[in-house]
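Just so it is clear, none of the values below were taken in a lab; they were calculated from the coordinates. Because the structure is predicted, anything quoted here is derived from the model rather than measured. Don't worry about glycine lacking a Cβ; one is built from the backbone with ideal geometry, like all the others, and counts go over all protein chains shown.
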Amino acid sequence: GDSVTQMEGPVTLSEEAFLTINCTYTATGYPSLFWYVQYPGEGLQLLLKATKADDKGSNKGFEATYRKETTSFHLEKGSVQVSDSAVYFCALNDDYKLSFGAGTTVTVRA
Amino acid sequence: SQTIHQWPATLVQPVGSPLSLECTVEGTSNPNLYWYRQAAGRGLQLLFYSVGIGQISSEVPQNLSASRPQDRQFILSSKKLLLSDSGFYLCAWSITDRGDTQYFGPGTRLTVL
């Protein structure tokens, strides 16, 4: 079945550092790809998405490009802030259901 | 705009007690609805999803059940809780005609003692 593998954490960074979280997927069709973010004690918020190959999703300084040739959707941000500390989930949707990666905990220190 | 509510926000229950978690969506009609569970330090596991009133699909066999008595109401239940039922329960909805982006509620943290 469809699945997502994302980089294990935790990841600890200093403010203004560059962040990359790797995500690769396995799917039989052409799924939509997502990054969700979960702040402590809260539900998941959609961060960005891409619905077809070569699409770039972006939001709040985060970017991810749908790479069909490498089946990847890596999340990047050029300069992180303390407020970016959260758990990040990569996910795909090839039908009505989302398949999630295990999540990557990111901590940004001032 | 659409909003999704879950309650209670937190719940502590003894082993063997019943459970009822409620989720409601406002501002949309005939949404797809979903229940996920997030165990401590782990990813999200889809438990149930529904494409309409009375239509429930189960992804993982266990002692939980779900019901959809109204278009925008989704209930997660158990007759007898287990210790392993502890976790963070998230409800989500998506637009029926695309079944694409899912929007999540604030979650219910359940502790079974």
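Using only atoms on other chains, find how many Cβ atoms lie within 10 Å of each Cβ of peptide A:91-97 and report the average.
Details: counts 3, 0, 6, 1, 1, 13, 9.
Other-chain Cβ atoms within 10 Å of each residue's Cβ, averaged: 5.
Short version: ³J(HN,Hα) in whole Hz for each residue of the range A:49-63, in order, from phi by Karplus 6.51 cos²θ - 1.76 cosθ + 1.60 (θ = phi - 60°), x for Gly and Pro, what are they?
8, 9, 9, 8, 4, 6, 5, 10, x, 8, 5, 6, x, 8, 9
By DSSP, what percent of the beta bridges with both residues in the protein assembly as shown are antiparallel, rounded to the nearest 5?
On the way: 72 of 80 bridges.
Among the beta bridges of the protein assembly as shown, antiparallel pairing accounts for roughly 90 percent.
Using 0.36 nm times the number of residues separating B:Arg42 and B:Leu113, minus their current alpha carbon distance, what extension gain do you get? Write out the running numbers ahead of the final one.
Values: separation 71, 0.36 × 71 = 25.56 nm, distance 1.98 nm.
Contour length minus Cα-Cα distance gives 23.6 nm.
Report relative contact order for the range B:16-113 in percent, whole number only (criteria: Cα-Cα under 8 Å, sequence separation at least 6).
Details: 215 pairs, mean separation 31.6, N = 98.
Reported as a whole number, the value is 32 percent.
Could you put A:Tyr66, A:Tyr96 in order, starting from the residue whose Cβ has the fewest other Cβ atoms within 10 Å? Don't skip to the answer; put the middle values down first.
Working: A:Tyr66 21, A:Tyr96 18.
Least crowded to most crowded, the residues run A:Tyr96, A:Tyr66.
Got the relative contact order for chain A handy, in percent, Cα pairs under 8 Å and 6 or more residues apart? All intermediate terms of the calculation are to be shown ahead of the outcome.
Working: 292 pairs, mean separation 41.2, N = 110.
Relative contact order, chain A: 37 percent.
What list do you get for B:Leu90, B:Leu83 if you sort them by fewest beta carbons within 10 Å? Could the numbers behind the result be given before it?
On the way: B:Leu90 24, B:Leu83 9.
Ascending number of Cβ neighbours within 10 Å: B:Leu83, B:Leu90.
Can you list residues whose amide H is under 5 Å from B:Asp100's amide H, if they're 5+ apart or on another chain and H is modeled 1.01 Å from N?
It is B:Ile95, by chain and number.
Averaged over A:43-50, how many beta carbons belonging to a partner chain fall within 10 Å of each residue's beta carbon?
Numbers: counts 14, 11, 2, 4, 0, 0, 2, 0.
So the per-residue partner count for this stretch is 4.
How large is the dipole of chain B about the Cα centre if only Lys and Arg carry +1 and Asp and Glu carry -1, each at its Cβ, rounded to the nearest 20 debye? Let's see the in-between values first.
On the way: 8 positive and 7 negative charges, 64 e Å.
With only Lys, Arg, Asp and Glu charged at Cβ, the dipole is about 300 debye.
In a GNM of chain A with a 10 Å cut-off on Cα contacts, which of A:Gly61, A:Gly41, A:Gly78 has the highest mean-square fluctuation?
A:Gly41
Using a Cα distance threshold of under 27 Å, what count of lysine pairs results for the protein assembly as shown when pairs must be 8 or more residues apart or interchain?
17
What per residue convex hull volume, in Å³, do the alpha-carbon atoms of the protein assembly as shown yield? Please report the intermediate quantities before stating the final value.
Details: hull volume 27.2 nm³, N = 223.
Dividing the Cα hull volume of the protein assembly as shown by its residues yields 122 Å³.
Go through A:45-51, B:101-107, A:81-87 and give me the packing order, highest mean Cβ count within 10 Å leading.
Values: A:45-51: 18.0, B:101-107: 20.7, A:81-87: 16.0.
Going from most to least packed, we get B:101-107, A:45-51, A:81-87.
Using only the Cα atoms of chain A, construct the convex hull and provide its projected area averaged over every direction, in square nanometres to one decimal. Write down the numbers at each step before the final one.
Values: hull surface 25.7 nm².
Mean projected area of the Cα convex hull: 6.4 nm².
Sort B:Thr108, B:Thr3 so that the residue with the fewest other Cβ atoms within 10 Å of its own Cβ comes first and the one with the most comes last. Don't skip to the answer; put the middle values down first.
On the way: B:Thr108 22, B:Thr3 12.
Ranked by crowding around the Cβ, least crowded first: B:Thr3, B:Thr108.
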